[in-house]
Structure formats: C-alpha cells, structure tokens
Amino acid sequence: MKIVSFSATFGHYSPEPVEWLRARGYEVDLHPMGLRTGRDCSAARLADVVGIVAGLDPIGPDIYDLAPRLKVVCMHGAGFHHIDREAATQRGIRVCNAPGGNALAVAEAALGLCFSLARELPRAAGATAAGEWPIMVGGQVSDKTMGIVGLGKIGRTLAKLAGGLGMKLLAATRTQRPEIAGPLGVELTSLEDLLARADFVVLLTPITPETTNLIGERELALMKPTAFLLNLGRGGVVDEQALYRALKDGRPAGAALDVLRDEPSVDTPLRELPSVIITPHLAGYSREALLATGMTTVENLAAVLEGREPPFPVN
C-alpha cells in the first residue's frame, strides 16, 4: 500500500504524520526535501500507488492514467482548485483536503505583514544592513481599519487577532453570515465599500472563476492612497500588472504578497518596488500548522484506503 507525496513540506518538518502512516503498514515515498515542485519527479513511481499527497502542482488525468491503483488524492492544505475532481470522480478516486490546520499560522503571518508594511520594517532592516542609520517614521496598526475578503476559518481567526489589537473590522464574503460576523465584531459589507474604507485589505479567498482577477484596476482605484493590500489567498486573485501600475502611481501605498500568479517564478516587476513585500508562500508554514495539516491529511488517506468515509471529502 504505497503513498507518494508531491508536497514540498509533508513529512519533512513534522514527521509524526508519516510515522503514523508507516505504523499502520503503509509505504510512504516523500518528495525530495528542498524542491518546490514534485509532480514530475514522482510520476515514474506511480504504477503501484494507492494514495497521493498533493502539493501545489496540478494533478489530473495524466497522473491518474499513470496510477491505475490510485484510490485517493489528498491535498496537504485547504486549496484544491488544481486537482481535477471531475476526472477523479469518473475513475472512482476520492479527493480530500485538510482545511483549517494552518489558520492561526496564516492569520499571524497576515498581522506580521501589516506591521511590516506600516513600519517599513524590511526597508529599515536593509538600510542598517547596508551600514546606514536612517530616520524612518511609519504608522501604527492598532487604531486602523482592516478589511478581510473571505471570512472562512483563516478570516475568522484573523478577525479575532486584529480585534484584540483594537482594529475596526470589515468583511466582504460570498456568504454573508451575520451570526458568524457579529460575535467577532465584524461589519459585513460589499467589496467596494470595504476597499474604500479599509486601511489594510487582506485577501484570503481561494481561486475560482469568480475570484480570478477579483482585484484589478477598478478595485485598486477605490482604495485609499494610504492603504495597504495583502494577498495571502492565491496569486490569481490579484491582477498583478494592474497592481504594479497602481503602486507606481502611489495608490495604494504598498502591498504584501505571499502568493504570486506564476509561483514559484518570481519574474514580476513588482519585485522592483520598495513599497512591495513578497514572501514565498510561507504564511501557512509553521511547525505547528504543518503537524496539524499533516495529521488531517493522513487521516483522510487512511479512511479511504480502509473503507471509511474521509473527514474532509471534496468530491
């Protein structure tokens, strides 16, 4: 019973999920540590595979055809837009995900990026590393308005943390649920109103046909010139060319991007701008989050392979 991982992080930073599988008699083939992409290097070893741990590489019919014994694909994380669920269903393959395990890690990363943007911390650190000692005056975060686009588990966790700092909270979400927003002190509003009022706009949406290029030229023009845009969802949610033009024109004041449209490529002119912070899709990568996400992943895999309903099926 062989399981192959295409995830760059599964099993390397929190070994407990792999040990749990091996104790149950499964053979686990991990993706080589340090390599971001893993689909192609594992494809030759798929002939006898019954389970795949998905990373960020697309998984579809070409992979399914190489794995005639495949029974389950589980995303090592929440997003599964890159897994062809329809083709999997046609072949009797279950698809699962592991949502929520990294919610606190992503929320903490979002707050950290808010502070970094407001106080220009990367530029300050770079200046002192170059031997300078500049006077730099930034802004505070705690009395500002945060607009959260996407009020899932990560968004709700971020709202709790930001509310604890005394921030005013707005949210725009596909399912306007006052029973969730109210206890968090979150005001539900439209995307347009959120963009116009927020000092920090935090994108936490998955990539879907509806959210592709959700933030483009028109939306960026609605933002305050002093506001900051943060994307910790998926790269395709932001029109990066429009963002580059808007930042060059000084509106908004800056951006922090943990995701890019063509990652892991960083061939983007946004890198040239001192008002932009780009991090390598690390928001969900804390040791604690990887342990929680890994355990949900292996519980999904084992449930399917042992004839039980998985905790988090998505087909």
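Residues in segment 255-280 that are in a helix (DSSP H, G or I) and open to solvent by 70 Å² or more (accessible area, probe 1.4 Å) were compared, and the one that is farthest from Leu204 (Cα to Cα) is Glu272.
The residue that is farthest from Val314 (Cα to Cα), among those in segment 55-80 that are in contact (Cβ under 8 Å) with a residue 60 or more places away in the chain and among the aliphatic types (A, V, I, L, M), is Leu56. Screening Arg218, Arg234, Arg197, Arg251 for residues that are farther than 25 Å from Gly284 by Cα and in contact with a Pro (Cβ under 8 Å, 6 or more places away or on another chain) leaves exactly one candidate, Arg251. Do the conditions hold for Pro252, that is, is it in a loop (DSSP other than H, G, I, E, B) and touching a strand residue (DSSP E or B) at 6+ places or on another chain (Cβ under 7 Å)? So Pro252 passes the test.
You will find that of Thr205, Thr293, Thr297, the residue that is in contact with a Ser or Thr (Cβ under 7 Å, 6 or more places away or on another chain) and open to solvent by less than 40 Å² (accessible area, probe 1.4 Å) is Thr205 and no other. Are there any strands (runs of 3 or more DSSP E) wholly within segment 91-176 with 1 or more residues that are on the phi < 0 side of the Ramachandran plot, free of Cβ contacts under 8 Å to residues at least 40 places away in the same chain and surrounded by fewer than 19 Cβ atoms within 10 Å (Cβ to Cβ), and if so which? Per the criteria, 168-172. Determine whether Leu243 is part of a helix (DSSP H, G or I) and within 24 Å of Ile83 (Cβ to Cβ). It is false that Leu243 is part of a helix (DSSP H, G or I) and within 24 Å of Ile83 (Cβ to Cβ). Residues of segment 16-32 that are modelled with pLDDT under 95 and surrounded by fewer than 21 Cβ atoms within 10 Å (Cβ to Cβ): Asp29, Leu30, Pro32.
The values are calculated or read from the model by the stated rules, or taken from the named source; none is laboratory data. Remember, predicted model here, so these are calculated numbers, not experimental data. Note: ideal-geometry Cβ built from the backbone for every residue, glycine included; neighbour counts use all protein chains shown. Side chains included, ligands, DNA and RNA excluded: accessible areas come from the protein's heavy atoms. Shrake-Rupley method; radii C 1.70, N 1.55, O 1.52, S 1.80 Å.
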